[in-house]
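Peer 1: Please find one structure pasted underneath; my questions will follow.
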Amino acid sequence: MGKKQIAVLTSGGDAPGMNAAVRSVVRTALTSGMGVFGVHRGYNGLLNCDVEEMNLRSVSDIIHNGGTILYTARSPEFNSPEGVQKAAENCRKLGIEGLIVIGGDGSFRGARDLTQAGIPCIGVPGTIDNDIACSEYTIGYDTAMNTAMEMVDRLRDTTESHDRCSVVEVMGRRCGDIALNTGIAVGAMAILVPEQPYDFERDIYQRMQYTQRIGKRHFIIVVAEGAGCHVEELAKEIEKHTGIETRATILGHVQRGGSPSLRDRVVATQMGYHAVKLLLDGESNRVVAMRNGLIVDFDITEALEMLRRFDTELYRIAMKVSI
Ligand code: F6P
């Protein structure tokens, strides 16, 4: 019998640390006696048989780089029963007996479907949003938060010089974790997230007027992308209601780039290693996760049904001290 051949791909939005995870997967697999293909551009690479045979040196000098050397994509063609069957057939043709998918929830649904089509898959959470319910941490989250913090620190300089208010939108389509943590780290006066109800009058205008009366002269408001408000319009409303000159900034995709933080590199290495070990042990349809600081794994189907927990206590503390 020949050696076991596996493959690795990155899918969905890229995240700093994905390269560290690919490196860990490739090196753990090769040093455990398996062969590894790198699949290009997510599931599209399986549909087009666009793969490269990896060796120990294919992943040299990438641990410190953002982005993903395998490229990434969202694949509408793969998201159909025919697409999944085609990808599974191509895996069989290429001799791929196991697949590691680094990405978010959408990518894990693909991994579940491909497992059902006969290709054992393991998911690794890679997304800056930290929105994977089964895991308290996702690869890229730490770097993205630190990037956002650094950017808002710069905004603070000009906000302070002009006695203004800055409304800053950070990423997080369905999840307020980047906004909450960045908001605390930059001393934001208000933090708007999808998980917490808010009221402009009570939480912003009145709060600004009160803190202004007790000596505050400039204001930072951090808004998660998915909080349901348009930051340009909110800035205009703030000026109208408070008379305080206000500017809006959308940080956008800058948060997805850059050299991964130490934490992202280390967690990516641990998770990539764990994913390969699961395949070696004959496991499939599992997703690697972090729970209480430990690397564990869950059934993908069950993980996709879990509900995310928002840290309401941390939010409460943030509001208490942002006065
Ligand atoms: O990576 C997650 C995320 O950054 C979301 O917060 C954001 O809504 C989305 O990706 C945007 O991704 P894209 O522009 O690549 O579709």
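The values are calculated or read from the model by the stated rules, or taken from the named source; none is laboratory data. Keep in mind it's a predicted model, so treat the numbers as computed, not measured. Methodologically, a virtual Cβ is constructed for each residue, glycine included, from the backbone with ideal geometry; neighbour enumeration extends over all protein chains shown.
Peer 1: Of the conditions (1) of a type outside the set (Val, Ile, Thr); (2) surrounded by 17 or more Cβ atoms within 10 Å (Cβ to Cβ); (3) within 20 Å of the chain's Cα centre (by Cα), Ser284 satisfies every one except a single condition; which number is it?
Peer 2: (3)
Peer 1: Can you spot a residue in segment 255-278 that is part of a strand (DSSP E or B), surrounded by fewer than 18 Cβ atoms within 10 Å (Cβ to Cβ), under 21 Å from the mean Cα position of the chain (by Cα) and in contact (Cβ under 8 Å) with a residue 40 or more places away in the chain?
Peer 2: There is no residue in segment 255-278 that is part of a strand (DSSP E or B), surrounded by fewer than 18 Cβ atoms within 10 Å (Cβ to Cβ), under 21 Å from the mean Cα position of the chain (by Cα) and in contact (Cβ under 8 Å) with a residue 40 or more places away in the chain.
Peer 1: Looking only at segment 306-321, count how many residues are in contact with an Asp or Glu (Cβ under 8 Å, 6 or more places away or on another chain) and of a type in the set (A, V, I, L, M, F, W, C).
Peer 2: Residues flagged as in contact with an Asp or Glu (Cβ under 8 Å, 6 or more places away or on another chain) and of a type in the set (A, V, I, L, M, F, W, C) within segment 306-321 amount to 1.
Peer 1: Just to be sure I understand, how many residues within segment 211-243 are in contact with a strand residue (DSSP E or B) (Cβ under 9 Å, 6 or more places away or on another chain), closer than 23 Å to Val193 by Cα and more than 16 Å from the ligand (Cβ to nearest atom)?
Peer 2: Applying the first criterion (in contact with a strand residue (DSSP E or B) (Cβ under 9 Å, 6 or more places away or on another chain)) to segment 211-243 yields 211-212, 218-225, 227-239, 242.
Keeping just the survivors that are closer than 23 Å to Val193 by Cα gives 211, 218-225, 227-239, 242.
Add one more test, that the residue is more than 16 Å from the ligand (Cβ to nearest atom), and what stays is 211, 218-221, 232-239, 242.
Qualifying residue count for the region: 14.
Peer 1: Mind checking which residues of segment 210-231 are under 15 Å from Val186 (Cβ atoms) and either in contact with a Gly (Cβ under 8 Å, 6 or more places away or on another chain) or at pLDDT below 95 (or both)?
Peer 2: Going residue by residue through segment 210-231, those that are under 15 Å from Val186 (Cβ atoms) are 216, 218-224.
Across segment 210-231, the qualifying residues are Lys216, Ile220, Val222, Ala224.
Peer 1: Here is a follow-up. Of the residues Arg74, Arg57, Arg92, only one is within 28 Å of Ser261 (Cβ to Cβ) and part of a helix (DSSP H, G or I); which?
Peer 2: On the way: Arg74 fails: part of a helix (DSSP H, G or I); Arg92 fails: within 28 Å of Ser261 (Cβ to Cβ).
Only one candidate qualifies: Arg57.
Peer 1: Okay, moving on. On the given criteria, is Thr31 among the hydroxyl-bearing types (Ser, Thr, Tyr), under 20 Å from Tyr141 (Cβ atoms) and in the same structural domain as Arg265 (by TED's automatic domain parsing)? First the steps, then the outcome.
Peer 2: Values: among the hydroxyl-bearing types (Ser, Thr, Tyr): yes; under 20 Å from Tyr141 (Cβ atoms): no; in the same structural domain as Arg265 (by TED's automatic domain parsing): yes.
Here the answer is no, as Thr31 does not meet what is asked.
Peer 1: So Ser24 clears everything in (1) assigned to a helix (DSSP H, G or I); (2) within 16 Å of the ligand (Cβ to nearest atom); (3) touching a Phe, Trp or Tyr at 6+ places or on another chain (Cβ under 6 Å) except one condition, right? Which one?
Peer 2: All conditions pass for Ser24, except number (2).
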